[in-house]
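Encoded as structure tokens, the structure appears first; notes follow it.
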């Protein structure tokens with residue numbers, strides 16, 4: 001099972017943010033540490049446990065946890081558990097990283113195809129057939 005990315009709202013839809021739901025499988029490496037120069041990003045955990053790099057340390061999160069990542073703060077996420085994790089990412093441009101369309105996309109941690117996420121060579125995304 002790969003990860004799934006569903007784009008619920010884009011910058012064009014809201015005027016100021018995008019809302020992306022991400023589901024990652026057990027032991028998924030996630031997004032490596034990176035930062036955004038001018039963008040605030042937030043995570044809200046819907047299900048499972050997720051490790052989030054925030055303020056210089058990895059923190060294990062669980063359902064209901066929220067993290068606000070200010071501009072220029074190194075951050076990342078991964079799933080180090082044996083269960084899937086599902087979470088929301090809110091930020092102004094994430095939908096553009098994941099897909100050229102607002103319908104969503106799928107990803108797989110191996111045997112990857114078309115559009116590679118800029119921050120991670122481990123994940124590639126393709127448009128989902130709806």
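The values are calculated or read from the model by the stated rules, or taken from the named source; none is laboratory data. Here the structure is a predicted model, which is why all the values come from computation and not from measurement. Ideal geometry is used to build each Cβ from the backbone, glycine not excepted, and the neighbour counts take in all protein chains shown.
Descriptive notes on the structure:
- Of all residues making up segment 7-25, the number that are closer than 14 Å to residue 87 by Cβ and part of a loop (DSSP other than H, G, I, E, B): 1
- In the set (1) touching a helix residue (DSSP H, G or I) at 6+ places or on another chain (Cβ under 6 Å); (2) part of a loop (DSSP other than H, G, I, E, B), residue 37 fails one condition alone, (1).
- All positions within segment 24-75 that are at positive phi and in contact (Cβ under 8 Å) with a residue 24 or more places away in the chain: 27, 30, 48, 72
- Here the condition is being crowded, with 18+ Cβ neighbours inside 10 Å and either in contact with a helix residue (DSSP H, G or I) (Cβ under 8 Å, 6 or more places away or on another chain) or under 11 Å from residue 85 (Cα atoms) (or both); of 28, 43, it holds for 28 alone.
- Selection within segment 19-48 - more than 11 Å from residue 77 (Cβ to Cβ) and out of contact with any strand residue (DSSP E or B) (no Cβ under 6 Å at 6 or more places or on another chain): 25, 26, 27, 35, 36, 37, 38, 40
- Residues in segment 41-59 that are at pLDDT 90 or above and not in a strand (DSSP E or B): 48, 49.
- Annotation: residue 80 fulfils all but one of (1) exposed (fewer than 15 other Cβ atoms within 10 Å of the Cβ); (2) not in a strand (DSSP E or B); the unmet one is (1).
- Flag if residue 5 is crowded, with 19+ Cβ neighbours inside 10 Å, modelled with pLDDT under 90 and within 10 Å of the chain's Cα centre (by Cα): yes
- Residues located in segment 48-63, provided they are within 11 Å of residue 87 (Cβ to Cβ) and surrounded by fewer than 14 Cβ atoms within 10 Å (Cβ to Cβ): 62
- Flag for residue 33 being at pLDDT below 95, closer than 15 Å to residue 2 by Cβ, within 13 Å of the chain's Cα centre (by Cα) and surrounded by fewer than 17 Cβ atoms within 10 Å (Cβ to Cβ): no
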